[in-house]
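This report refers to the structure that appears directly beneath it.
The values are calculated or read from the model by the stated rules, or taken from the named source; none is laboratory data. None of these values were measured; they are calculated from a predicted model. Neighbour counts are summed over all protein chains in view; Cβ atoms, including those assigned to glycine, are modelled from backbone coordinates with ideal geometry.
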Amino acid sequence: MPAPVDLIDSHCHLDVPEFDRDRDEVIARARAAGVRAQVLPAVQADTWPKLREVCRSGPGLHPAYGLHPVYLDAHRPRHLDALRDWLERERPVAVGECGLDYYIEGLDHAAQQDYFDGQLRLAREFELPVIVHARRAVDAVIASLRRIGGTGSGPGQGLRGVVHSWSGSEEQARQLWKLGFLLGIGGPVTYERARRLRRLVAEMPLEYLLLETDAPDQPDAGIRGHRNEPARLACVLDAVAALRGESREAIARATSDNATRLFALPA
């Protein structure tokens, strides 16, 4: 079995109920697998206090606060005001998980856009990266980032971040790279049928790549149908290294550096 290398899980929902019974063991397994840090994005306002407490429970757990488009029914306009207060008081590493989801029927596109725009403006104001969900909505996300992100590089201008669980085209990826956005790659890359994704990962500039698990969701091919957890990030690493024909140590070092830089994590 390969020796653990230094890894950062850039997207993990460690605060959800699926981990309540064995969260400490899950964290211990992640550390044993080399995962020294995890970014935990929130999905709705009611979950922010629990996520904060989980992140305070041990080193290397970093919160992000946001309003996920899939949970639109739980969001209220006042939650954007509350998010501003949380960002100012808690100083998280990012805003998110936010974004657009055009896959699920019945999710109001205009309402999603309002919450996404509000969070992008807060990220710009607080000079924080954004963690973006973009399912069947990559073009709309890119348009939003261009419209709200601005072109300046001074305080309060511009946007940066990651589109997690990447599933778009190479051309869409190139547009995001030009905007300074990274791509989060997780369990789906381990499936041989994910040909377009695997081809992109094999050829993309390493400076735009982040590794993630999205645990407890998106298990890799080795645990298909089971709960995912951050220790499985090593399997994502191995798949990426094999696709690129590079050492796992080189991929781990580059992606950890990318995450450290984007989220301003401790070295």
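Of all the residues in region 66-83, those that are over 13 Å from residue 46 (Cβ atoms) and either of a type in the set (Lys, Arg) or part of a helix (DSSP H, G or I) (or both) number 5. For region 219-253, filtered to residues that are of a type in the set (Gly, Ala, Ser) and surrounded by 14 or more Cβ atoms within 10 Å (Cβ to Cβ), the residue that is farthest from residue 5 (Cα to Cα) is 221. State which residue is farthest from residue 184 (Cα to Cα) when the search covers only region 249-265 and only residues that are over 15 Å from the mean Cα position of the chain (by Cα) and in contact (Cβ under 8 Å) with a residue 12 or more places away in the chain. Here the answer is 249.
The residue list 70, 54, 132 contains one member that is touching a residue at least 24 places away in the same chain (Cβ under 8 Å), more than 17 Å from the chain's Cα centre (by Cα) and closer than 19 Å to residue 213 by Cβ, which is 54.
Per the conditions (1) more than 17 Å from residue 40 (Cα to Cα); (2) in a loop (DSSP other than H, G, I, E, B); (3) in contact (Cβ under 8 Å) with a residue 12 or more places away in the chain, the sole criterion not satisfied by residue 105 is (3). Taking first residues from region 196-216 that are over 23 Å from residue 226 (Cα atoms) and in a helix (DSSP H, G or I) and partners that are at pLDDT 95 or above and of a type in the set (Val, Ile, Thr), the Cβ contacts under 6 Å between residues at least 6 apart in sequence or on separate chains come to 201/185; 201/189; 201/240.
Residues in region 15-33 that are assigned to a loop (DSSP other than H, G, I, E, B), in contact with a helix residue (DSSP H, G or I) (Cβ under 6 Å, 6 or more places away or on another chain) and closer than 26 Å to residue 47 by Cα: 15 only. Here residue 228 fulfils each of the conditions (1) out of contact with any Pro (no Cβ under 7 Å at 6 or more places or on another chain); (2) farther than 18 Å from residue 135 by Cα; (3) in a loop (DSSP other than H, G, I, E, B) apart from (1). Collect the residues in region 127-157 that are modelled with pLDDT of 95 or more and exposed (fewer than 15 other Cβ atoms within 10 Å of the Cβ), keeping them in residue-number order. Hits for region 127-157 are 127, 136, 143, 146, 147.
When 39, 26 are screened for being buried (at least 22 other Cβ atoms within 10 Å of the Cβ) and among the aliphatic types (A, V, I, L, M), only 39 passes. Out of 95, 54, 132, one residue alone is touching a His at 6+ places or on another chain (Cβ under 8 Å), within 28 Å of residue 27 (Cα to Cα) and of a type outside the set (S, T, N, Q). It is 132.
Starting from region 160-174, take each residue that is within 15 Å of residue 123 (Cβ to Cβ) and list its partners that are part of a helix (DSSP H, G or I), counting only C-beta distances under 7 angstrom and pairs at least six apart or across chains. Close Cβ pairs satisfying both conditions: 160/262; 162/262; 163/141; 163/176.
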